[in-house]
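Structure first, then comments.
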Amino acid sequence: MSFDYSSIFITIGTNDIQYLVDFYSQLLQQKPNIYRPLVYAEFKLKNLRIGIFKPKPEHQAEFHNLGSSISICLEVEDLDQAIATLTEMGYPPPGKIIEASHGKEIYAYDPTGNRLIVHQSVS
């Protein structure tokens, strides 16, 4: 079974998104490439994308329980195949597929509890 991904990027969940957008804008000396005020900002760097987002109310408690607010996002061609691979590896996603404005995604966790957001874009 394969886990074919097309890109990977890091996201940072925060309730004070503007504070981090300002920080990373200054640090990286650029404005976000994608920016939805108070919701999401994304900086595209040479070989890395950093996304900053505000968790939806139903997921905020999850971020308070983590030692870190960083998520690893994997964009895949086939979300069902990715779920099958994670399940076969012994790390089945605990929740249901989420329909987001940018496509479908599911949350999973690595062996040490780091959050993975496995995402399939709208075609």
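The values are calculated or read from the model by the stated rules, or taken from the named source; none is laboratory data. Owing to the predicted nature of the structure, the values given are computational and were not obtained by experimental measurement. When we count neighbours, we look across all protein chains shown, and the Cβ atoms used for this are built from the backbone with ideal geometry, even at glycine.
The table that follows gives values for the structure above.
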item: Filter result (modelled with pLDDT of 90 or more, loosely packed, with under 13 Cβ neighbours inside 10 Å and part of a loop (DSSP other than H, G, I, E, B)) within region 14-37; result: Gln30, Lys31, Asn33, Pro37
item: Counted residues, region 78-99 - those being aliphatic (A, V, I, L, M) and out of contact with any strand residue (DSSP E or B) (no Cβ under 8 Å at 6 or more places or on another chain); result: 2
item: The one condition in (1) surrounded by 15 or more Cβ atoms within 10 Å (Cβ to Cβ); (2) touching a Pro at 6+ places or on another chain (Cβ under 8 Å) that Tyr91 fails to fulfil; result: (1)
item: Any hit, region 4-13, residues being in a loop (DSSP other than H, G, I, E, B) and touching a helix residue (DSSP H, G or I) at 6+ places or on another chain (Cβ under 7 Å); result: no
item: So Glu75, is it in contact (Cβ under 8 Å) with a residue 12 or more places away in the chain, exposed (fewer than 15 other Cβ atoms within 10 Å of the Cβ) and of a type outside the set (Ser, Thr, Tyr); result: no
item: Residue list for region 1-13, filter: among the hydroxyl-bearing types (Ser, Thr, Tyr) and either loosely packed, with under 13 Cβ neighbours inside 10 Å or modelled with pLDDT of 90 or more (or both); result: Ser2, Ser6, Ser7
item: Residue count, region 93-107 (criterion: in contact with a Lys or Arg (Cβ under 8 Å, 6 or more places away or on another chain) and either closer than 15 Å to Ile8 by Cα or in a strand (DSSP E or B) (or both)); result: 3
item: Pairs, first among the basic types (Lys, Arg) in region 41-57, second surrounded by 11 or more Cβ atoms within 10 Å (Cβ to Cβ) and at pLDDT below 85, C-beta under 6 Å, six or more apart; result: none
item: Subset tally (residues that are under 30 Å from Gly90 (Cα atoms), loosely packed, with under 14 Cβ neighbours inside 10 Å and at pLDDT 85 or above) for region 38-56; result: 0
item: Unmet requirement for Ser2, which otherwise passes all of (1) under 16 Å from the mean Cα position of the chain (by Cα); (2) touching a residue at least 60 places away in the same chain (Cβ under 8 Å); result: (1)
item: Gly113 over 16 Å from the mean Cα position of the chain (by Cα), outside any strand (DSSP E or B), loosely packed, with under 12 Cβ neighbours inside 10 Å and of a type outside the set (A, V, I, L, M); result: no
